[in-house]
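Worksheet: the structure to be examined is printed underneath.
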Amino acid sequence: MGERDAIADPWGRRTPYGRGGSWPRRVDCRLNDGLTEADVDRWVQSASILHSNGDALDIAVRDNGIVGVRGRADDRVNRGRLGPKDLFGWQANASADRLTRPLVRIDDRLVETDWDTAMDRVVARSRSLLDEHGPSAIGFYTSGQLFLEEYYTLGAIAHGAIGTNHVDGNTRLCTATAAEALKESFGCDGQPGSYTDIDHADVVALFGHNVAETQTVLWERILDRLAGEHPPKLLCVDPRPTVVARHADVHLAPLPGTNLAVMNALLHEVIRNDWTDRRYIDEHTVGFDDLRALVENHSPERVAAQCGIEADELRRAARLLGNATALVSTVLQGFYQANQATAAAVQVNNLHLIRGMLGRPGCGVLQMNGQPTAQNTRECGADGDLAGFRNWANDEHVGELAALWNLDVERIPHFAPPTHAMQMFRYAEQGTLRMLWVSATNPAVSLPELHRIRDILGQSRLFLVVQDIFRTETAEFADVVLPAATWGEKQGTFTNVDRTVHLSDKAVDPPGQARPDLDIFLDYARRMDFRDRDGAPFPPWHDAESAFEAWKRCSAGRPCDYTGMTYDRLRGGSGIQWPCTADHPDGTERLYVDGDFASAPDRCETYGKDLVTGAPMEPDEYRALNPAGKAMIKAAEYVAPHEQPSVEFPLALITGRTLYHLHTRTKTGRVRQLTAAAPEVWVEVSQADAHVLRLVEGDRVRVTSPRGSLTAKARITDIRPGVVFVPFHYGYWDSGPGDEGHERAANELTVTDWDPASKQPIFKTAAARLTRLGSSDGPSAAPTTTASAPVTPGALPTVGGPDATVRETVPAETSSGRDGERGQHQ
């Protein structure tokens, strides 16, 4: 057993292992000061709710309160390890400012009330809008942090009971492109790869994925491979000097907005050098000739001028990819929140298809998620899609869902594509959407062009319901605020990036009158008296486990089949990967083994879109293109971003995350260790740009875009010249010396624009200028452990001290073989 400062050393000690081996266990534990594991009354099974990795953990309970967490050693995802947000984030549950009673707006003030009064207002407005304007007057905007059972219930109420098409989640902002890219290539959502592919790969390529900060435990797995025998080579594509970039064998730092150009050049080289698997291409794909023809003219020399990378560096990267014998690729926000997001992400899929690297150990794509339950929003229909990965344009799929719910087909909207979040807010701006129910998210900080969003939320004609655990910036605009329970205070399941399902049991009671989100949704349904076609209450389930059983029936026979799982099977041991069926009771390690895709015209989740325009493909057109249900290789021409640097705004602005916070800091901003590690917003500037602007570390600067401005301290880093970075976590209420409230939020600067295929907002291609305001009293407080590490001396190192001490235990390995490989292959 050892101890470490988990803020200063977020990735912990190494446990090296070689290619094809089993990742050794290491159990991380954090308890309240002075407590030992012997002092804990009971341990309650759960998993992380503050990132998408799905780290399994046990919640420590003493005197009916949460006093710490401990990693689950036998879990396939983390093998006992926990990241900083896991280790300290649970403390937010007990914050003194938790919402404990409903609030309603009276005389333009939010005042406490009882549940009946609050829900009566919601129900009365719902009924009047349905009577006067119909279902399209009501919309739901949710999170990627609720549980599967809650999303399925929300989707059933919105699509089935109300019949609105206006349903989406804040997953639209982070990983809608992950889903769309998987659909475009494979006909259906769901990650082809598995985390255990890291154990077998000889090359790991990370495209716009700062894994060291977004999924710290997955980065530990990679670090342990790098420290063992036969380590993999790393490719990093990112304009920032991330920790991943520092470990990479090849680091490409493209100009923001040029990811597709980079991918076309890499594919050009792979095809030109014949690093392809023609047998796999011929047997399992359609569209290769179109790709080959398009990328033929995208030589490294041509693309170098577009993306600002030397041609020889592009060739080095292509050689690494083309000579891999087992390639794992991951993709995240650097691609998803940028220009031509879906088109660029699809080219990563194309790389694996033309190399025949899917469905076997070490060969997989992980189109990553940014939130812990983003996958569940997509499976259950809370992102607008139909539950069970059903195709809204396939009448048979809609009929299946109607029969399952015992509703008339006409009740389920399928006359047009689901309404994405940015369009929902536009409808609210125009006045056709009159009621918006926001659960567990904070759009007043997270959406682009915030002055516009504040105006929309503040409209008197919009009835805003906010369901959350704290009084967020968004809640201040609400007509009704509903206090929710959170992780540790309710029961449910959630599914991580590589399809691993975990159960989270209730550990403690929620504070005051706060209720689980599932209970709130079901209470609304009962008060609205929703009924199926036989007159029975709808939805018919009544608690988390009955909702899970109902979801299993919905998933049966679909690619995301859960029918082999139960709450009892999910207790103890490891999480289980879907599909999990009677034929595969231990789950499924990898999808698309032997080229068996979910893309047949009668089975696929979508008929696809044009990657450049977003125009949908017609069913007959899809059937003609892909009658045999093969994987689809789709090419796309590079198009420059709509907004580019200019004389007035000469810099490219990108936003993103830091290791120590999640989203708008609703939880992490209330945790002392995490707040101390990254207390305030900063601006990352290259050495070259700092020299031109006569900036030194810590100078106060103003970043201005055509939409707004932000003031902060400068952090001088090795970011590529011409680019500035601002973390988006800091809301406009945060204060700091010399700041004016709203000049703290990165999204004051970002543009209202989105990818044509995935409809994901573009946060990483905006134009900006930087102005020096004056000297400050010291260096920026940006973390020194991460991509924001300074290049000049003087910044104090990021440490947590005794308050951030974590115990690490490396138990003796008692098992043999590859523990993570328990599932079957599909």
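A few comments on the model shown:
- Region 658-812: radius of gyration and largest Cα-Cα distance (Dmax), Å: 16.6, 58
- Entries of K713/K764; K183/K233; K490/K764 with Cα pairs more than 25 Å apart: K183/K233; K490/K764
- Neighbour-limited loop hits for GluC sites (Glu not before Pro), region 493-598 (at most 16 other Cβ within 10 Å; DSSP other than H, G, I, E, B): none
- Computed from backbone phi, the HN-Hα couplings of region 44-57 come to 10, 5, 6, 7, 5, 10, 10, 5, 8, 5, x, 5, 6, 8 Hz, rounded to whole numbers (Karplus: 6.51 cos²θ - 1.76 cosθ + 1.60, θ = phi - 60°; Gly and Pro given as x).
- Environment charge at V751 (Cβ cut-off 9 Å; Lys +1, Arg +1, Asp -1, Glu -1): -2
- Inter-part distance, region 121-192 to region 350-410, computed on C-alpha centroids, equals 14 Å.
- Peptides 80-90, 557-567 ranked from most to least packed, by the mean per-residue count of other Cβ atoms within 10 Å: 80-90, 557-567.
- Dipole orientation for region 176-368: of the candidates A265, I309, S185, I309 has the Cα lying most toward the positive pole (charges on Cβ; Lys, Arg +1; Asp, Glu -1).
- Charge dipole of the chain about the Cα centre (unit charges at C-beta), most positive-ward option of G169, N406, P619: G169
- Within-12-Å neighbourhood charge of V791 [Cβ basis; K, R +1; D, E -1]: -2
- Only DSSP H runs of four or more residues enter the estimate; each adds -39500 (n - 2.57), and after division by the residues of the chain the mean residue ellipticity at 222 nm equals -7500 deg cm²/dmol.
- Kirkwood Rh (inverse of mean 1/r, distinct Cα pairs), region 324-480, angstrom: 18.8
- Residue list for region 550-565, given a label point 7 angstrom along the Cα-to-Cβ vector of R533 and an amide N cut-off under 12 Å: none
- Förster radius 22 Å - calculated FRET efficiency between E313 and D274 (Cβ-Cβ, nearest 0.05): 0.55
- Percent RCO, i.e. relative contact order, over the chain, from Cα pairs under 8 Å lying at least 6 residues apart: 20
- Percentage of interatomic Cα-Cα distances in region 176-368 larger than 28 Å: 16
- Percent RCO, i.e. relative contact order, over region 651-795, from Cα pairs under 8 Å lying at least 6 residues apart: 34
- Lys/Arg +1, Asp/Glu -1 at C-beta; region 352-424 dipole; positive extreme among G388, F415, L366: L366
- Region 600-638 and region 758-817: distance between their alpha carbon centers, rounded to Å: 41
- Local electrostatic count at D594 - Lys and Arg +1, Asp and Glu -1, tallied over other residues with Cβ under 15 Å: -1
- Modelled label positions at R42 and R571, each set 7 Å beyond Cα in the direction of Cβ, lie 1.0 nm from each other.
- Hypothetical label at S546: residues of region 396-418 whose amide nitrogen lies under 17 Å (7 Å Cα-Cβ projection): 405-406
- Packing rank of 424-433, 170-179, where each peptide gets the mean count of other beta carbons within 10 Å, highest leading: 170-179, 424-433
- Förster radius 56 Å - calculated FRET efficiency between S775 and D408 (Cβ-Cβ, nearest 0.05): 0.25
- Length added when fully stretched, V593-E618, from 0.36 nm per residue minus Cα-Cα: 6.2 nm
- Annotation: amide H-H contacts under 5 Å for L57 (H modelled 1.01 Å from N, sequence separation of 5 or more, or interchain): S46, A47, S48, R72.
- Spin-label pair D9/Q430, simplified geometry with 7 Å Cα→Cβ offset, distance in nm: 5.7
- Region 532-630: trypsin sites (Lys or Arg not before Pro) in DSSP coil with no more than 14 other Cβ atoms inside 10 Å: R533, R571
- Applying the criteria of a DSSP loop state and at most 15 other Cβ atoms within 10 Å to the trypsin sites (Lys or Arg not before Pro) of region 446-524 yields R461.
- Applying 1/(1 + (r/R0)^6) with r as the Cβ-Cβ distance of L35 and S646 and R0 = 41 angstrom yields a FRET efficiency of 0.10.
- 18 Å cut-off, amide nitrogen to a point 7 angstrom out along V639 Cα→Cβ, residues in region 586-617: 608-617
- Per-residue HN-Hα couplings for region 635-646 [Karplus 6.51, -1.76, 1.60; θ = phi - 60°; Hz; x = Gly/Pro]: 9, 8, 7, 5, 10, 5, x, 4, 10, 10, x, 9
- When only the Cβ of Lys, Arg, Asp and Glu is charged (+1, +1, -1, -1), the dipole of the chain relative to its Cα centre reaches about 1160 debye.
- Correct option for Cα extents along the principal axes in Å [calculated from the coordinates] among (1) 67, 66, 61; (2) 148, 57, 55; (3) 87, 60, 48: (1)
All of the numbers you see were taken from the coordinates with simple rules; none came from a lab. All values derive from a computational prediction rather than experimental measurement. Here the Cβ is made from the backbone with ideal geometry for all residues, glycine too, and neighbour counts use every protein chain on show.
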